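The values are calculated or read from the model by the stated rules, or taken from the named source; none is laboratory data. This structure is a prediction, so every number in the text was calculated from the model and none was measured. Here the Cβ positions follow ideal geometry from the backbone for every residue, glycine too, while neighbour counts run over all protein chains shown.
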Amino acid sequence: MRANILTTILLLFCFFTKAQNCELSYTNEVKKIVINDSLTIAYKEQGRGKKTFLMIHGLGGNLTHWSNNFIKNEHCIALDLPSYGLSTMRNFQAKTDLLDFYAETILAFIQKKKLQNVVLVGHSMGGQIAIITALKNPKFIKKLVLVSPAGFETFEDNEAKALLSFSKPETFKNQNEAMVRIGFKRNFYEMPTSTETLIQDRLMIGKCENFNPYFQAVAGGVKGMVEHPVRKELNKITIPTLVVFGENDELIPNKFLHKSLTTSKVANIGKDIPNVQTVLIPKAGHLVMYEQSQIFNQLVKRF
């Protein structure tokens, strides 16, 4: 009896110790670099080559969303944005908006790593960040790959207010497991079993106080996407650009605010970019690069 009690106490101790550590599934796979103002960026790097595929995740994500996109025989880097994943976790006060701060961070990372011939690949919010980055300083970016990019779809003032009213840090913080799982499922045409690791990381983040700045960052990201429109500046992008959407994207366009708008119509907005290719991949949702990685990787490599 006493042995059983001691065993139970030991198991509980191990459980709570693990929860307090909040170790993400990919902790041992990353490198870290300090770029400025004591800001540390976590990143995963693989391969070598004359060009670098630098991948930026979207709202609420992290570098593991690119797990299937490290192209063989190519130099690939995926990073965690500030207050995401394993990068510096604190509430950043951006001078303008959070997306502008992220773009400056990307440029600082490129310069610190002395990267050449950068193909900047951005998903969703990361796509909007990639656009802002290229507009800020195109000399560092050779090509753009915009994956289910935010920023093509725009919102009227009343729509923006509605989005922001639902996008509070506590809203994301208080999501229970069922809500988290529903949210992940909406990103896919057919959700791969491997996403369970992503889900478990997200659930753990919600239980760990150390990650509270993450929820501030997610709310700030929504605000940044709404308040830093890029649609009217697409014609200023001078570098070759590839736009990729999943045909079955359930997140872009917004199904509640823009019921008559289709993913195909949103993708077509990219034609404002002077040198652009647009591809819609069938049987793929918002996380198209994760769900249809082989097709996506071939597209990017050819591009």
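Values as computed for the structure displayed
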item	result
Condition check for F215: surrounded by 19 or more Cβ atoms within 10 Å (Cβ to Cβ) and either of a type in the set (D, E) or not in a helix (DSSP H, G or I) (or both)	no
Members of the range 5-37 that are modelled with pLDDT of 50 or more and assigned to a helix (DSSP H, G or I)	Q20, N21, T27, N28, E29
Criterion: in a helix (DSSP H, G or I), in contact with a helix residue (DSSP H, G or I) (Cβ under 8 Å, 6 or more places away or on another chain), over 18 Å from V244 (Cα atoms) and at pLDDT 95 or above - qualifying residue of I199, I131	I199
Scan of the range 254-265 for residues that are surrounded by fewer than 21 Cβ atoms within 10 Å (Cβ to Cβ) and either under 15 Å from L146 (Cα atoms) or among the β-branched types (V, I, T) (or both), ordered by number	T262, S264
Flag for V279 being surrounded by 17 or more Cβ atoms within 10 Å (Cβ to Cβ) and either assigned to a helix (DSSP H, G or I) or not aromatic (F, W, Y) (or both)	no
Residue match in the range 215-235 (condition: touching a residue at least 24 places away in the same chain (Cβ under 8 Å) and touching a strand residue (DSSP E or B) at 6+ places or on another chain (Cβ under 9 Å))	yes
Those residues of the range 162-178 which are assigned to a helix (DSSP H, G or I) and either of a type in the set (S, T, N, Q) or at pLDDT 90 or above (or both), in sequence order	S165, E170, T171, F172, K173, E177, A178
Single residue of the range 63-92 satisfying the filter (touching a Cys at 6+ places or on another chain (Cβ under 9 Å) and among the hydrophobic types (A, V, I, L, M, F, W, C)) that is farthest from Y26 (Cα to Cα)	F70
Residues satisfying the stated conditions in the range 265-299, i.e. among the hydroxyl-bearing types (S, T, Y) and touching a His at 6+ places or on another chain (Cβ under 9 Å)	Y290
Filter pass, L242 being among the hydrophobic types (A, V, I, L, M, F, W, C), in contact with a helix residue (DSSP H, G or I) (Cβ under 6 Å, 6 or more places away or on another chain), within 21 Å of I141 (Cβ to Cβ) and modelled with pLDDT of 95 or more	no
Hits in the range 124-175 (condition: surrounded by fewer than 16 Cβ atoms within 10 Å (Cβ to Cβ), among the aliphatic types (A, V, I, L, M) and either closer than 21 Å to T262 by Cα or touching a Phe, Trp or Tyr at 6+ places or on another chain (Cβ under 6 Å) (or both))	A162
